[in-house]
Amino acid sequence: MAGSAPAAATATTSSPAGTNTSYLAPLSVLTTLFFMWGFLTCLNDIIIPHLKGVFELNYAQAMMIQFAFFTAYFVVSLPSGVVVKKIGYKGGIIIGLLVAAGGCLLFYPAAGARSYAMFLGALFVLASGITLLQVAANPFVAVLGKPETASSRLTLTQAFNSLGTTVAPFFGSILILGTAVKSKAEIAALSPAAAEAYRVAEAASVQKPYLGLTAALVLLAVAIAAFKLPRIEGSDDVTAAGADSTHKSAWSYRHLVLGAVAIFVYVGGEVAIGSFLVNYFKEPNIGGLAEVAAANLVPLYWGGAMVGRFIGTLTLRKWKPGNVLAIHAVGCVALIALSMAASGSVALYSILAVGLFNSIMFPTIFTLAIDGLGRHTGQGSGILCMAIVGGALIPVLQGVVADAIGIHHCFIVALLCYVYIAWYGAKGSAPVAQSQSA
């Protein structure tokens with residue numbers, strides 16, 4: 001997921017040299033954060049079909065869940081940076097956990113009131129906390145150890161982020177989708193006592209899991225507050241050897257701007273596919289599965305990304321990252337096209353296999369886009385993080401297309417996203433030397 005992006009700014013620890021072995025404990029603590037925000041983000045894939053049924057939404061309306069969630073990245077990223085600068089990385093992590101806990105807690109009144117608007121507000125608050133967590137936690141992972149092993153540490157934390165996205169659908173399918181959603185007509189046909197009992201059970205299917213998550217986030221905040229994390233200091237400007245000093249802004253780097261577009265469409269395409277999987281697998285010509293059974297297949301999509309990240313640590317060392325990115329994107333295009341052209345198990349498993357090819361995309365695009373930015377690396381990283389808002393907009397667009405032409409072929413939206421990523425990896429990611437200032 002996007003949340004596992006490396007921080008671009010350099011930092012130093014206040015710990016004495018030669019004590020890297022002591023970093024195992026803080027790294028373990030920080031890894032739990034990557035797991036938690038991966039878990040919470042992917043749980044949206046279960047909330048979407050549940051709320052779609054509860055509020056009888058069309059696909060475009062249901063995708064407002066992702067819109068509310070990922071808009072927080074665009075709105076909160078820069079303020080989060082200010083917060084971290086003022087209170088430090090550890091303080092930022094604690095505040096982020098508590099804000100996320102507050103978002104989870106808001107699910108209780110939202111479910112009790114059966115208010116879709118309240119659910120969307122709760123999701124925005126939850127995502128705001130996760131955004132602050134990302135801004136604060138990534139620099140710790142980057143500096144806790146030898147600089148030459150930073151990429152392997154980031155890959156490891158990304159794997160645990162993927163572990164969170166993999167187990168979340170199992171959790172949600174059991175606790176949230178276990179209560180079958182009834183239509184308004186079915187509820188009207190029940191006796192008053194039975195209808196009220198159903199509403200209580202349906203609300204509780206959301207309330208109890210998110211109350212549990214609220215408690216877990218608060219306990220994690222308390223544990224981190226009590227844990228002694230190394231103090232780190234970041235630099236505002238990063239100077240790379242040989243960087244073009246004539247550029248006045250990161251916006252003047254063509255490969256950075258094109259990379260921001262690639263981040264936008266990648267996060268949007270990945271989230272759009274994951275958001276539609278349960279409803280897609282319920283289609284008679286695809287799987288004809290019940291919601292719970294369909295949700296149990298979603299971990300294969302996110303689990304594929306986890307496996308692919310371990311494989312990617314090898315392939316990215318042997319071949320140029322741009323070429324690897326292009327090959328992965330072409331694989332996504334082929335699999336999505338196959339799913340749209342086929343039916344039954346072929347359509348089902350081909351769309352799940354896209355997750356395997358998604359694995360290396362975000363960190364690879366991120367690295368290619370900031371290559372050679374020198375002192376503008378910090379600004380470039382901020383631009384890329386704000387581009388995560390693609391996860392808010394593209395799923396809604398795919399929802400509009402699904403309402404117009406059906407869910408089977410709405411994945412054309414995601415397919416076009418990966419076409420662009422393939423071009424960026426092959427051509428657009430190459431830095432273009434520019435002598436003029438911008």
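The values are calculated or read from the model by the stated rules, or taken from the named source; none is laboratory data. Please read all numbers here as calculations on a predicted model, not as lab measurements. Note that we place each Cβ from the backbone using ideal geometry, even for glycine, and neighbour counts take in every protein chain shown. Calculation scope for accessible area: heavy atoms of the full protein, side chains included, ligands and nucleic acids excluded. Shrake-Rupley method; radii C 1.70, N 1.55, O 1.52, S 1.80 Å.
Inspect segment 400-416 for any residue being of a type in the set (Phe, Trp, Tyr) and within 25 Å of ALA341 (Cβ to Cβ) and give the result as yes or no.
Checked segment 400-416: at least one residue is of a type in the set (Phe, Trp, Tyr) and within 25 Å of ALA341 (Cβ to Cβ).
Which of the numbered conditions does HIS328 fail, given that it passes all the others? Conditions: (1) assigned to a helix (DSSP H, G or I); (2) open to solvent by 40 Å² or more (accessible area, probe 1.4 Å).
Of everything listed in (1) assigned to a helix (DSSP H, G or I); (2) open to solvent by 40 Å² or more (accessible area, probe 1.4 Å), HIS328 misses just condition (2).
Among the residues of segment 376-423, write down those that are of a type outside the set (A, V, I, L, M), assigned to a helix (DSSP H, G or I) and open to solvent by 30 Å² or more (accessible area, probe 1.4 Å).
GLY378, GLN379, CYS385, ASP403, TYR420, TRP423
Check ALA117 against each of (1) open to solvent by 10 Å² or more (accessible area, probe 1.4 Å); (2) over 23 Å from ALA201 (Cα atoms) and name the one condition it does not meet.
That leaves (2) as the condition not met.
Quick one: in segment 360-375, of everything that is assigned to a loop (DSSP other than H, G, I, E, B) and farther than 14 Å from ALA326 by Cα, which residue is least open to solvent (accessible area, probe 1.4 Å)?
LEU373
Looking for something open to solvent by 30 Å² or more (accessible area, probe 1.4 Å), of a type outside the set (Gly, Ala, Ser) and in contact with a Pro (Cβ under 9 Å, 6 or more places away or on another chain) - is there at least one such residue anywhere in segment 84-105?
yes
Where the second residue is of a type in the set (A, V, I, L, M, F, W, C) and part of a helix (DSSP H, G or I) and the first is farther than 19 Å from LEU57 by Cβ and lies in segment 182-207, which pairs have Cβ atoms under 6 Å and are six or more apart or on separate chains?
Close Cβ pairs satisfying both conditions: ALA195/ILE187; GLN207/ALA111.
Return a yes/no flag: does segment 347-355 have any residue that is under 26 Å from HIS255 (Cα atoms), modelled with pLDDT of 90 or more and buried (at least 20 other Cβ atoms within 10 Å of the Cβ).
Yes, segment 347-355 contains a residue that is under 26 Å from HIS255 (Cα atoms), modelled with pLDDT of 90 or more and buried (at least 20 other Cβ atoms within 10 Å of the Cβ).
Which ones in segment 275-292 are of a type outside the set (Phe, Trp, Tyr), within 17 Å of VAL346 (Cα to Cα) and outside any loop (DSSP other than H, G, I, E, B)?
LEU277, VAL278, ASN279, LYS282
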